[in-house]
Amino acid sequence: MAKYDFDLFVIGAGSGGVAASRRAAAHGAKVAIAESSRVGGTCVIRGCVPKKLLVYGAEVREMLEDAKGYGWSIGPAAHDWPALIAAKDKEIARLNGVYLRMLANSGVRLYETRARIVDAHTVALEGQGQVSAERILVATGARPFRPAIPGADLGIVSDDAFDLEALPRRVLMVGGGYIAVEFAGIFHGLGAAVQLHYRGEQILRGFDRDLRDGLADELRKSGIALRLNSDLTRLERAGSAIRAHLVDGSAVETDLVMFATGRKPNTAGLGLEAAGVALGPEGAVAVDADSRTAQASIYAIGDVTNRLALTPVAINEGRAFADTVYGKTKRTLDYANIPSAVFSHPPIGTVGLSEERARARFPAIDIYKARFTPMKHTLSGRDTKTLMKLVVDARTDRVLGAHMLGADAPEIVQGVAIALVCGATKAQFDATVAIHPSAAEEFVTMREKWQPPKPAAAD
Ligand code: NDP
């Protein structure tokens, strides 16, 4: 008789947990997975996927506005928020079904309940007793967090934004990260008056400075009120509206406050520490390069480990774990050159080192930049700029970073990321023939090294 009920018990059926469980099962392991909410997790149910659908919805406004420059006359357009939310819900339900079928077809046993770790090999399932497993994989993700200010409950977080009954007339966004700029663009594009309050001196801390400044300019030009060095001190009801008090002593009234102030790992109430699992900063599960925790039979992947909170990273960590443990192919994830996108308006695509990080690590850096009006907007007349930038190690000619702000940036930078993973040099970028006319061709046609502007000569 087997010593354990399962070879592997996975807690959390998001992108990482599902990928790990299916891969382990494909390697012949007997696998179970528990999910207390909907299978699919943050990305599919209340993150990347529904967010991108809303981004597409918001972009239609610009297409309607730009149509005139191409000879179209379009009558007054109106947006129906409940119709968009219903269409989005239908698509998410379809994807949830796809995930359920994928698990069933892989032979992974699903427990649709909350799981808690009892000890190194035992999991308690709410209302369904206990099961044992040789190994346990924690893939419980993270959840949005609200700052501890009075009245914070009057504000929503991204989970709630997907189910609003109506589009608010005025939105006050708090935060300067991915979610803040993405949802600012969504609400603005669909017709709300949006102000974005960020506590620092420029949005998107950690991104290349030119991208940060460039996106801030574009947000302002689009009509979003960007308030830097601004934060909320408390919220209160003001009739049917909300009054937000700011650090400078002033107050603003709005119909919706959304906190996009980061996410915290889902580790509370899981029984981790009692089972010998060490937690790090923010309560994240501490793991080694093989995703193993301080308890040898318990592993963790994805946002709950707070390494790099991106869906494809969680999926790769999950598959690397399963291949290493059940596929007898040891592999770990290389965290260098992981591309990412911000689906702001316009979007960002980025891979490798920012200019600031490259300068801190390498003695000599060359910068190549292009800033131009995209061809599409020569006729539409829209005042928007595309920015493209390469960061190059001057000694080896290797391209260390590629950054883009502008239409299709995520689609373009995905391809450029392959070149960086291959260790491409600037000379190899230059040797690549351009696709013309495109915006992407700028990545292979930038010849002039960027020189910082000379300080004005004193009289
Ligand atoms: P981020 O960590 O990206 O940004 C959080 C923002 O909130 C920062 O600007 C931060 O400021 C600010 N903030 C933090 N605490 C407070 C506070 N107490 N009061 C006021 N402001 C505060 O988190 P997000 O919520 O935007 O996204 C979470 C993660 O999800 C991202 O890091 C990313 O990994 C992932 N994600 C990825 C997406 C994509 O790939 N397109 C899309 C959405 C999310 P400061 O800079 O000063 O710390």
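Descriptive notes on the structure:
- Considering segment 260-283, and only residues there that are surrounded by 21 or more Cβ atoms within 10 Å (Cβ to Cβ) and either without any contact (Cβ under 8 Å) to a residue 24 or more places away in the chain or within 22 Å of residue 205 (Cα to Cα) (or both), the residue that is farthest from the ligand (Cβ to nearest atom) turns out to be 265.
- Residue in segment 424-432 that is open to solvent by 30 Å² or more (accessible area, probe 1.4 Å) and touching a helix residue (DSSP H, G or I) at 6+ places or on another chain (Cβ under 7 Å) present: yes
- Taking segment 1-24 as the range and being part of a helix (DSSP H, G or I), open to solvent by less than 20 Å² (accessible area, probe 1.4 Å) and within 15 Å of residue 100 (Cα to Cα) as the test, the residues that pass are 15, 16, 17, 18, 19, 20, 21.
- All of 196, 211, 226 fail the test of being among the aliphatic types (A, V, I, L, M), away from the ligand (no atom under 11 Å from the Cβ) and either closer than 30 Å to residue 305 by Cα or not in a strand (DSSP E or B) (or both), apart from 211.
- The condition of being under 25 Å from the mean Cα position of the chain (by Cα) and open to solvent by less than 40 Å² (accessible area, probe 1.4 Å) holds for only one of 297, 291, that being 291.
- Within the set 46, 101, 38, the sole residue that is open to solvent by 70 Å² or more (accessible area, probe 1.4 Å) and touching a residue at least 40 places away in the same chain (Cβ under 8 Å) turns out to be 38.
- In segment 169-179, residue farthest from the ligand (Cβ to nearest atom) [restricted to those that are hydrophobic (A, V, I, L, M, F, W, C) and more than 13 Å from residue 47 (Cα to Cα)]: 171
- From the list 91, 62, the one residue that fits, being closer than 23 Å to residue 16 by Cα, within 27 Å of the chain's Cα centre (by Cα) and of a type in the set (Asp, Glu), is 91.
- Restricting 247, 252, 257 to residues that are over 27 Å from the mean Cα position of the chain (by Cα) and within 13 Å of the ligand (Cβ to nearest atom) narrows the list to 247.
- All positions within segment 131-155 that are away from the ligand (no atom under 13 Å from the Cβ) and either farther than 30 Å from residue 24 by Cα or part of a helix (DSSP H, G or I) (or both): 150, 151, 153, 154
- Residue that is farthest from residue 252 (Cα to Cα) [pool: residues in segment 199-208 that are touching a helix residue (DSSP H, G or I) at 6+ places or on another chain (Cβ under 7 Å) and within 10 Å of the ligand (Cβ to nearest atom)]: 204
- When 58, 120, 32 are checked against the criterion of being surrounded by 16 or more Cβ atoms within 10 Å (Cβ to Cβ), touching a residue at least 24 places away in the same chain (Cβ under 8 Å) and under 22 Å from residue 162 (Cβ atoms), 58 stands alone in meeting it.
- Residue in segment 339-362 that is within 30 Å of residue 136 (Cβ to Cβ), within 15 Å of the chain's Cα centre (by Cα) and open to solvent by 40 Å² or more (accessible area, probe 1.4 Å) present: no
- Residue 184 being away from the ligand (no atom under 16 Å from the Cβ) and either of a type in the set (Asp, Glu) or open to solvent by less than 10 Å² (accessible area, probe 1.4 Å) (or both): no
- Filter result for the condition that a residue is surrounded by fewer than 19 Cβ atoms within 10 Å (Cβ to Cβ), β-branched (Val, Ile, Thr) and out of contact with any Leu (no Cβ under 8 Å at 6 or more places or on another chain), over 384, 378: 378
- Some residue of segment 79-93 being acidic (Asp, Glu), without any contact (Cβ under 8 Å) to a residue 60 or more places away in the chain and assigned to a loop (DSSP other than H, G, I, E, B): yes
- Residues in segment 300-331 that are of a type outside the set (A, V, I, L, M) and either at pLDDT below 95 or surrounded by fewer than 20 Cβ atoms within 10 Å (Cβ to Cβ) (or both): 307, 312, 323, 324, 327, 328, 329, 330, 331.
- Sole residue being open to solvent by 30 Å² or more (accessible area, probe 1.4 Å), among the polar types (S, T, N, Q) and under 24 Å from the mean Cα position of the chain (by Cα), chosen from 195, 202: 195
- From the options 419, 409, residue that is open to solvent by less than 40 Å² (accessible area, probe 1.4 Å), at pLDDT 95 or above and closer than 24 Å to residue 59 by Cα: 409
- For residue 166, the conditions (1) away from the ligand (no atom under 14 Å from the Cβ); (2) open to solvent by 30 Å² or more (accessible area, probe 1.4 Å); (3) touching a strand residue (DSSP E or B) at 6+ places or on another chain (Cβ under 9 Å) all hold with the exception of (3).
The values are calculated or read from the model by the stated rules, or taken from the named source; none is laboratory data. Bear in mind the structure is a predicted one, so any value in this text is a computation, not a measurement. Ideal geometry is used to build each Cβ from the backbone, glycine not excepted, and the neighbour counts take in all protein chains shown. Surface areas here come from the heavy atoms of the whole protein model, side chains and all, with no ligands, DNA or RNA. Shrake-Rupley method; radii C 1.70, N 1.55, O 1.52, S 1.80 Å.
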